[in-house]
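A.B. asks: One structure follows; several queries about it will come next.
The values are calculated or read from the model by the stated rules, or taken from the named source; none is laboratory data. These numbers come from a predicted model, not from an experiment. Virtual Cβ from ideal backbone geometry, glycine too; neighbours counted across all protein chains shown. The protein model used for the area step is the full one, side chains on, heavy atoms only, and it has no ligands, DNA or RNA in it. Shrake-Rupley method; radii C 1.70, N 1.55, O 1.52, S 1.80 Å.
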Amino acid sequence: MFENLKEQPADKILALMQAFRDDPRDTKIDLGVGVYKDATGKTPIFRAIKEAEKRWWGEEQTKAYTGLGGDPAYADALAGLVLGDAVPRANIAAVATPGGTGACRQGFDMIRMASPDGRVFVSNPTWPNHLSILKHMAMEMVPYRYFDDDTRGVDFGGMMEDLKAAKAGDVILLHGCCHNPTGANLNITQWQAVIDLLIETGATPMIDIAYQGFGDGLDADAAATRLVASSVPECLIAASCSKNFGIYRDRAGLLMAVSNDPAKHKVTQGTLAYLNRQNYSFPPDHGARLVTLVLNDDALRADWQAELEEIRLSMLGLRDQLANELRRLSGSDRFGFIAQHRGMFSRFGATPEQVESLRRDHGIYMVGDSRVNIAGLNKDSVPILADAVIKVGV
Ligand code: LMR
């Protein structure tokens, strides 16, 4: 039967990661996959995570199964980090998932159960894997305008116009902060207008928040998610710990289904647990355990926050350095958007040919839509990138 299988399209980001590994040039620069690298090019383990791991090694007495939703203490801790006290804990059904991707996948599965004919509105562009998973699940997608190629900011007028077509039973997928792949984000007034529209149309928001703490700070980055969750009757939230706790390969995520009707809690929580059981049974525990330990210990939490803040500030510094360098080389302000964008990524607006030339002639790897991982840069590679960007004619 395997003869019936067809070759599947390669994931663009992961294919690029492989192409980078295969490139023998030692001057190559990886600005592809969304992984933070420090000034020496390493992806470090957070100090607090390492310490939690040591402690847990001493304390752990069993590897027996946890619950289907993972340890409730993890859900409490991460729901607290994302939502603060914006909604009562009793209104949040939550299960641990394998990373943020797992949370997205489970969220889409729940949408399909709750609203089989529902369409999912996706920003144009969005993280390619959103599209790939939705397509794999045969769910109907409706793109909405998001990125303005001229200003490299949000096309808010276009976005609102397109979202007006949503109705009750549809889902609007939003990025809580640090939009991937563009780096262009809504301000809080615009978020409020989106909320008003959600209430008017009756559509349900699903928020993917994978970069909390990488943009304007832990609370500022969660502000929009908190506002949405406290304003609409129901929403889904897919949170990831891959980046802000640096535990990419340990796969820790959380799917939350928030409802302002406590009577729905039991069935919502049960549905999420059921979906975990159908798709992979128990979620991985190790990464979630470390996150719980860090968030529930004052000293570890403070140290983690301090390190995360250093990373955030270093990315902002790199953005400023790159924008300044490009201002100098181009004699114009047309790259000023780099300093305005937030999070790991910025979409440069280079053509596919320019992206290809950057890779072929300069050993600089970015995703084909010209998404640059700012966190893959350092002080020395910024001028090299700026120089190449001007040389290829961006
Ligand atoms: C990215 O967008 O590069 C990251 O979210 C990693 C991934 O899985 O694609």
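A.B. asks: Would you check which residues across the stretch 38-56 are surrounded by fewer than 18 Cβ atoms within 10 Å (Cβ to Cβ) and either within 16 Å of the ligand (Cβ to nearest atom) or small (Gly, Ala, Ser) (or both) and list them?
C.D. replies: ALA39, GLY41, THR43
A.B. asks: Has the stretch 328-335 got any residue that is under 30 Å from CYS241 (Cα atoms) and open to solvent by less than 10 Å² (accessible area, probe 1.4 Å)?
C.D. replies: No, every residue in the stretch 328-335 fails to be under 30 Å from CYS241 (Cα atoms) and open to solvent by less than 10 Å² (accessible area, probe 1.4 Å).
A.B. asks: Does the stretch 196-207 contain at least one residue that is open to solvent by less than 10 Å² (accessible area, probe 1.4 Å) and under 16 Å from LEU78 (Cβ atoms)?
C.D. replies: yes
A.B. asks: If you don't mind, another one. Write out, first by first residue and then by second, each pair whose Cβ atoms fall under 7 Å of each other, whose residues are 6+ apart or on separate chains, and whose first residue, in the stretch 254-282, is touching a residue at least 60 places away in the same chain (Cβ under 8 Å) while the second is open to solvent by 80 Å² or more (accessible area, probe 1.4 Å) and part of a helix (DSSP H, G or I).
C.D. replies: THR271/MET113
A.B. asks: Check ASP11 against each of (1) out of contact with any Pro (no Cβ under 8 Å at 6 or more places or on another chain); (2) within 14 Å of the ligand (Cβ to nearest atom) and name the one condition it does not meet.
C.D. replies: Only one criterion is unmet by ASP11, namely (1).
A.B. asks: Out of (1) more than 16 Å from the ligand (Cβ to nearest atom); (2) open to solvent by less than 100 Å² (accessible area, probe 1.4 Å); (3) more than 18 Å from GLY246 (Cα to Cα); (4) not in a loop (DSSP other than H, G, I, E, B), what's the single condition that is false for GLY69?
C.D. replies: Checking GLY69 against (1) more than 16 Å from the ligand (Cβ to nearest atom); (2) open to solvent by less than 100 Å² (accessible area, probe 1.4 Å); (3) more than 18 Å from GLY246 (Cα to Cα); (4) not in a loop (DSSP other than H, G, I, E, B), the one that fails is (4).
A.B. asks: Give the stretch 115-138 a look and list any residue that's without any contact (Cβ under 8 Å) to a residue 12 or more places away in the chain and either within 16 Å of the ligand (Cβ to nearest atom) or buried (at least 16 other Cβ atoms within 10 Å of the Cβ) (or both), or say none.
C.D. replies: Selection gives LEU131, LYS135, HIS136.
A.B. asks: For the stretch 14-35, which positions are of a type outside the set (Val, Ile, Thr), farther than 24 Å from LEU131 by Cβ and either within 16 Å of the ligand (Cβ to nearest atom) or outside the structural domain of GLY368 (by TED's automatic domain parsing) (or both)?
C.D. replies: ARG21
A.B. asks: Taking only the stretch 360-394 into account, find how many residues are crowded, with 21+ Cβ neighbours inside 10 Å and basic (Lys, Arg).
C.D. replies: Number of matching residues: 1.
A.B. asks: ASP155 passes all but one of (1) within 16 Å of the ligand (Cβ to nearest atom); (2) over 30 Å from ALA302 (Cα atoms); which number fails?
C.D. replies: (1)
A.B. asks: Can you tell me which of (1) assigned by TED's automatic domain parsing to the domain that holds ILE92; (2) over 19 Å from VAL82 (Cβ atoms) is the one SER314 doesn't meet?
C.D. replies: Here SER314 clears every test but (1).
A.B. asks: Which count do you get for residues in the stretch 241-285 that are of a type in the set (Lys, Arg) and more than 24 Å from the chain's Cα centre (by Cα)?
C.D. replies: Counting residues in the stretch 241-285 that are of a type in the set (Lys, Arg) and more than 24 Å from the chain's Cα centre (by Cα) gives 3.
A.B. asks: Of all residues in the stretch 139-150, how many are without any contact (Cβ under 8 Å) to a residue 40 or more places away in the chain and assigned to a loop (DSSP other than H, G, I, E, B)?
C.D. replies: 5
A.B. asks: It is to be established whether one or more residues within the stretch 240-252 are away from the ligand (no atom under 16 Å from the Cβ) and either touching a Leu at 6+ places or on another chain (Cβ under 9 Å) or not assigned by TED's automatic domain parsing to the domain that holds GLY343 (or both).
C.D. replies: no
A.B. asks: While we're here: Could you check how many residues of the stretch 360-383 are in contact (Cβ under 8 Å) with a residue 12 or more places away in the chain and either in contact with a strand residue (DSSP E or B) (Cβ under 7 Å, 6 or more places away or on another chain) or acidic (Asp, Glu) (or both)?
C.D. replies: 13
A.B. asks: Next question. Name every residue in the stretch 219-239 that is open to solvent by less than 30 Å² (accessible area, probe 1.4 Å) and either in contact (Cβ under 8 Å) with a residue 40 or more places away in the chain or within 16 Å of the ligand (Cβ to nearest atom) (or both), in order of residue number.
C.D. replies: Hits for the stretch 219-239 are ASP221, ALA222, ALA224, THR225, VAL228, ALA229, LEU236, ILE237, ALA238, ALA239.
A.B. asks: Give the number of residues within the stretch 158-185 that are away from the ligand (no atom under 16 Å from the Cβ) and within 16 Å of MET344 (Cα to Cα).
C.D. replies: Number of matching residues: 0.
A.B. asks: Right, another one. Of these, GLY169, GLY215, GLY183, which one is in contact with a His (Cβ under 6 Å, 6 or more places away or on another chain) and either open to solvent by less than 20 Å² (accessible area, probe 1.4 Å) or within 27 Å of ASP109 (Cβ to Cβ) (or both)?
C.D. replies: Unique residue meeting the criteria: GLY183.
A.B. asks: Also, I was wondering about something else. Looking only at residues that are away from the ligand (no atom under 16 Å from the Cβ) and assigned to a helix (DSSP H, G or I) in the stretch 83-105, which one is surrounded by the most Cβ atoms within 10 Å (Cβ to Cβ)?
C.D. replies: Out of the qualifying residues, it is LEU83.
A.B. asks: Quick check on the stretch 15-24. Is at least one of its residues open to solvent by less than 50 Å² (accessible area, probe 1.4 Å), under 27 Å from the mean Cα position of the chain (by Cα) and within 20 Å of PHE214 (Cβ to Cβ)?
C.D. replies: Checking the stretch 15-24: not a single residue is open to solvent by less than 50 Å² (accessible area, probe 1.4 Å), under 27 Å from the mean Cα position of the chain (by Cα) and within 20 Å of PHE214 (Cβ to Cβ).
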